[in-house]
Every structure is written in structure tokens, then in C-alpha cells.
Amino acid sequence: MLNIVLFGPPGAGKGTQSAKIIESHSLIHIATGDLFRKHMGENTELGQLAKSYMDAGNLVPDEVVIGMVEDKIRENLDANGFIFDGFPRTVNQAEALDQMLTKHGMSISGMVALVVPEDELKTRIKERAKTSGRVDDQDDEKINNRIQVYNRETSPVADYYKDQQKFTAIDGVGSIDDIFHAINSTITSLEV
Ligand code: ADP
């Protein structure tokens, strides 16, 4: 079983790389941002709740995210493994994830962190804004807030996995294929 946390700031390329990883390793993709956007599109209660936080670039409360992820894990207990994308985003979420996985006899194999300088992140998000339709991609204030939230609340999650010797950093600048190959060689070494 292979359970990967794909980590990195907004705009680091997690979604792009996840798509390639799930294809080559037959993993279930749990992308919390995508799940929330799906709920928003369907105007569910969860979607309405998440919208106000997401549109401003703030984090959705932990208990809401954790419950949603737990449901997804429970629906896919026969999977080869999972790739977590955009989750955990707080240390509290990381602890909850460990507990959920332990309950089902599983654990995180490793975290792969995409490293991208802040200027490049902003350039990428603004480029994405032209086609993403995402409210949170559209203006500088929201983009800056997301990066600040990442630095303050999410970056400590890397230390959580470093402490468990499960952390690998990958240069997230370069061609999509070169980055994918770097991720892939890390992931392959984690496969048992
Ligand atoms: P990006 O990485 O580009 O910011 P995502 O699609 O991963 O985009 O997330 C978009 C938004 O969804 C976040 O800014 C946040 O509001 C919400 N969100 C996604 N995942 C989480 C999470 N694990 N905890 C709290 N909020 C989340």
C-alpha cells in the first residue's frame, strides 16, 4: 500500500502532478480543494459552508475537512493507496489523518513537498486565473492571503513529517515531466 501526502504552497503544481501520479500508480486521489469545489458546484450544505472560507483564501475549519476526508477513505478501503493533495493543511489535520489511517491498519508512506519560490507561485496563480474560474485565484489580496495562511498554518505540517523521517523535498520549478520523474523516483522507493 502506498499513501502519499503531496505537499506545497498554492500554485506549486500539486494538482498537475497528482493527475500523473494516480495514473501511473493506480492510487485514489483525495484533493480537498477539488472536493469542496464539487460541493460548491452542487450547492450542497457542505459547499455553502466551505464557500465563504475558500473565496477569501482562508482555511475551512478542521473538523469539516477531516470528516470529508474520512468519508472518502472509508469509501475506498480496497484501494492500492491514496494520494492526499491539499490535505493535511494544519498539524491538527495531520494528527487526525494518522489516527484515521491507523484505525484502518494503514499509515502514510511519505510526504513529497514541491518547492517553488513565492514570485513564481504568484505568476502561476495569475496565469491559472484566466481559465480556472476560481474566485480565490482572481486578485492579489486573496492570493497573498493564501500564501500567508500557508506560511503560518500549513508549513509546520512539513515538520510533522520530518520528525517521522517521512519527508522529501522536490524542486517544483522545471518541466512538468522532469518534476514528475523526480516525484516518481521518490515514490517508487517508498513502495513496499
Ligand atoms: P490551492 O492549493 O491552489 O490553494 P486547493 O484547491 O488545494 O488550492 O484549495 C483551495 C481552498 O480550499 C483553500 O484555500 C481552502 O480554503 C480550502 N481547502 C482545501 N483543502 C483544505 C484543507 N485541508 N483544510 C482547510 N481548507 C482547505
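No value in this document is a laboratory result; all are computed from the given coordinates. Keep in mind it's a predicted model, so treat the numbers as computed, not measured. Here Cβ is always computed from backbone atoms with ideal geometry, including for glycine, and neighbour counts include all displayed protein chains.
Per-structure values
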| read-out | value |
| --- | --- |
| Backbone HN-Hα couplings from phi across segment 36-41 [Karplus 6.51/-1.76/1.60, Hz, Gly and Pro as x] | 5, 5, 5, 4, 5, x |
| When segment 48-192 is reduced to its Cα atoms, the Kirkwood hydrodynamic radius in Å | 16.9 |
| Qualifying lysines (Cα of each under 30 Å from Cα of Lys103; at least 8 residues distant if same chain) | Lys14, Lys20, Lys38, Lys72, Lys162, Lys166 |
| Sites Val64 and Asn43, calculated FRET efficiency, Cβ-Cβ separation with R0 22 Å, nearest 0.05 | 0.85 |
| Amide H within-cut-off set for Phe167, under 5 Å, with H built and near neighbours excluded | Met111 |
| Given charges at beta-carbon only (K, R positive; D, E negative), |dipole| of the chain in Debye | 140 |
| Estimated vicinal HN-Hα couplings, Hz - segment 136-147 in sequence order (Karplus 6.51, -1.76, 1.60; Gly, Pro = x) | 6, 8, 8, 9, 4, 4, 5, 5, 4, 4, 4, 5 |
| Sequence-distant residues sharing a close amide H with Phe7 (under 5 Å, placed H) | Val112, Ala113, Leu114 |
| Gain in span if fully extended, Glu23 to Ala56, counting 0.36 nm per residue against the direct Cα distance | 8.7 nm |
| Sum of -39500 (n - 2.57) over DSSP H runs of 4+, divided by residues of the chain (222 nm, nearest 500) | -17500 deg cm²/dmol |
| Dipole of segment 85-186, positive end: most advanced residue of Gln148, Asn184, Ile108 [Cβ charges, Cα centre] | Ile108 |
| Distant-in-sequence amide H partners of Phe82 (H built 1.01 Å from N, under 5 Å) | Leu2, Asn3, Ile4, Ile28 |
| Least to most buried among Lys166, Lys130 (fewest other Cβ within 10 Å first) | Lys130, Lys166 |
